[in-house]
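This report concerns only the one structure given below.
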Amino acid sequence: MKRVWHWLIIILVVGGMRGGVFAKLESVEVTLDYVARKAEQRAQKPFRSPRADLPAVLRADKLDYDKYREIEFRHDKALWAEEKLPFHVEFFHPGYLYQEPVHVNEFTLTHVQAIRFVQHFFNYRTLDIQKQIPTDTGYAGFKLLCPLNNTERWDELGAFLGASYFRLLGKGQRYGQSARGLALDCGEFDRPEEFPIFTDWWLGKPHRDDTDLRLYAILDSVSCAGAFAFVIRPGETTIADVEAVLFFREPKDIKAVDAQRKPPGTIGLAPLTSMFWFGAASERKFSDYRPAVHDSDGLLIRMENGEVLWRPLVNPATMRHQRFATTGIRGFGLLQRDRDFSTYEDLFNQYQQVPSVWVESHGRWGEGDIHLVELATHYEGLDNIVAFWSPKEKPKPMQPYRFAYTLYWTRETDLKLSQNRVLATRVGVDPRDPKRRQFAVDFGGPRLGELTDRTPPQAIASCSSNAGIVENQVFRNPYDNRWRVMLKLEPKPENKDPVDLRCTLKRGEEVLTETWTYHWSPP
């Protein structure tokens, strides 16, 4: 009890010192159930976009790219900086592309108070717009800071900005892929995607000796509203525990906002968004000095029965949407496996340092599909890869739908997701027969390192019925102790549909490696 009152006194004193930053202090215990009750109330009414609350001076026709870049957060105004707490928060200014203002609150064990929009937090340079922005406007989002890499320096731990997107970092990492709260109708051909947004946040004020940070949020969209809880623990691998409750709106309330929109057909839980332009496996080549450009190079899936799938990513000529059906899932993630600078030769983007993100489900998620959506792109500025889990049984309107999972933002220096794995995929035309494609798939790991030329593994390979595997050979690579599978594929005449391939290494009945799976499209 003494600790609670100690922090309450600090809040009152600091709130007075920073006059105008906080709204009225309320006696409330902030929990996931507390936020879920607010989300349920929100879901009982049609969706109202926060865009309507954005002051005219901040809309894109008034605040363009160059003007928005003039605005900078003053680092000495970071939340909790004055009190020398283990985490700091800096806010993003609303406007330009960020049209949905986000309302932020701070909470302790017993109290909560709203954080006003404060113009003095920002340096506007030559812009003279401060007086036109009300204190109840809200922010575009926020970033988290902590002494992640050095006890003497405040590094970015992560950022929550735009729709329900967020990114986190572990030690020595650079920003790469993003996670989202929810994806609706992503990758569908017959309807537009719906982008839910985080509209309200509650930031848990840390104690001086805390090593993790607790956040709560309301997610809202035309089709549903929900409550999210995050517990973030920075480290070599930064870990975020996520728990959520969703309330899908009644169809009539969806129609009240968008007469053309149907209830969502695809509900994407724990969605990840990344970029793949080209790499070693790419058949589509681009004129660029770098040998590879991507934030992730493959999708890893761990099935409930223990099977592990590795699907190399592709930048397709047209959008592709692949589903992996399963009765249960242990985890999945978009990984960046190749960590050598020579793979990318990029001094500026440092793709070898971006995190892989692994999703580990809590409890049984039941039947459903892992979805992989690949969009065509001609440059690296577009996040064109999405992966998520979609349950077979869809949530019923206004019935609470609960799920939980853990996100690992990792370079696998302290986390081994799959040790006997696919190390490289290369694709090309068979020089003896241009109708055929040949695939060179490299496998490596502790189990394979024990094998010799006298005891080679067996490659178990298969493909969909619209093609045939006409050659399957296994070779030991003496230069790095890997094993290479050479497959030759011949599509059936006139076939224009994608071909699915699978390959794994075995010794007798023992499965030695994860399963390589590939989705090849005829040119």
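Summary of values
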item: Accessible-area composition of segment 397-523, carbon plus sulfur, in percent [1.4 Å probe]; result: 47
item: Virtual spin-label span in nm between residue 136 and residue 34, 7 Å along Cα→Cβ; result: 2.2
item: Accessible carbon and sulfur surface of segment 255-383 relative to its total accessible area, %, 1.4 Å; result: 51
item: Rough spin-label spacing in nm, given labels placed 7 Å along Cα→Cβ, for residue 367 and residue 150; result: 5.5
item: Cβ-Cβ FRET estimate between residue 110 and residue 82, R0 fixed at 30 Å, reported to 0.05; result: 0.90
item: Stretch gain in nm, segment residue 455-residue 416, where the contour uses 0.36 nm per residue and the Cα spacing is subtracted; result: 11.4 nm
item: Sequence-separation-based contact order of the chain, relative, with Cα cut under 8 Å and 6+ spacing, percent; result: 11
item: Protection proxy ranking, peptides 406-412, 507-513, average beta carbon neighbours within 10 Å, highest first; result: 406-412, 507-513
item: Percent RCO, i.e. relative contact order, over segment 68-222, from Cα pairs under 8 Å lying at least 6 residues apart; result: 23
item: Percent accessible area from carbon and sulfur atoms, segment 77-146, protein chains only, probe 1.4 Å; result: 52
item: Relative packing of 226-235, 108-117, which averages over residues the other C-beta atoms within 10 Å, highest first; result: 226-235, 108-117
item: Gain on full stretching of the segment that runs from residue 26 to residue 318 - 0.36 nm per residue minus C-alpha separation; result: 99.8 nm
item: Environment charge at residue 187 (Cβ cut-off 14 Å; Lys +1, Arg +1, Asp -1, Glu -1); result: -4
item: For segment 364-475: relative contact order, % (alpha-carbon pairs under 8 angstrom, 6 or more apart); result: 15
item: Heavy-atom accessible area per residue - the chain, 1.4 Å, Å²; result: 45
item: Cβ-derived FRET efficiency at R0 30 Å, residue 123 paired with residue 62, nearest 0.05; result: 0.95
item: Where a label projected 7 Å from the Cα of residue 262 along Cα→Cβ would reach, residues of segment 189-204 with amide N under 15 Å; result: 189-194
item: Binned Cα-Cα distances of segment 273-338, short to long, each 5 Å bin given as a whole percent; result: 4, 15, 25, 21, 16, 11, 6, 2, 1
item: Separation in nanometres of the label points that stand 7 Å from Cα toward Cβ, at residue 348 and residue 464; result: 3.9
item: Most to least packed among 202-213, 272-283 [average Cβ atoms within 10 Å]; result: 272-283, 202-213
item: Residue-averaged [θ]222 nm for the chain, counting only DSSP H segments that reach four residues, each worth -39500 (n - 2.57); result: -2500 deg cm²/dmol
item: Net dipole in debye of segment 115-197 [+1 Lys, Arg Cβ; -1 Asp, Glu Cβ; about Cα centre; nearest 20]; result: 460
item: Degrees, to the nearest 10: 2-17 long Cα axis against longest axis of the chain; result: 70
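The values are calculated or read from the model by the stated rules, or taken from the named source; none is laboratory data. Bear in mind the structure is a predicted one, so any value in this text is a computation, not a measurement. Backbone-built Cβ (ideal geometry, glycine too); neighbour counts: all protein chains shown. All accessible areas refer to the heavy atoms of the entire protein, side chains included, with ligands and DNA or RNA removed. Shrake-Rupley method; radii C 1.70, N 1.55, O 1.52, S 1.80 Å.
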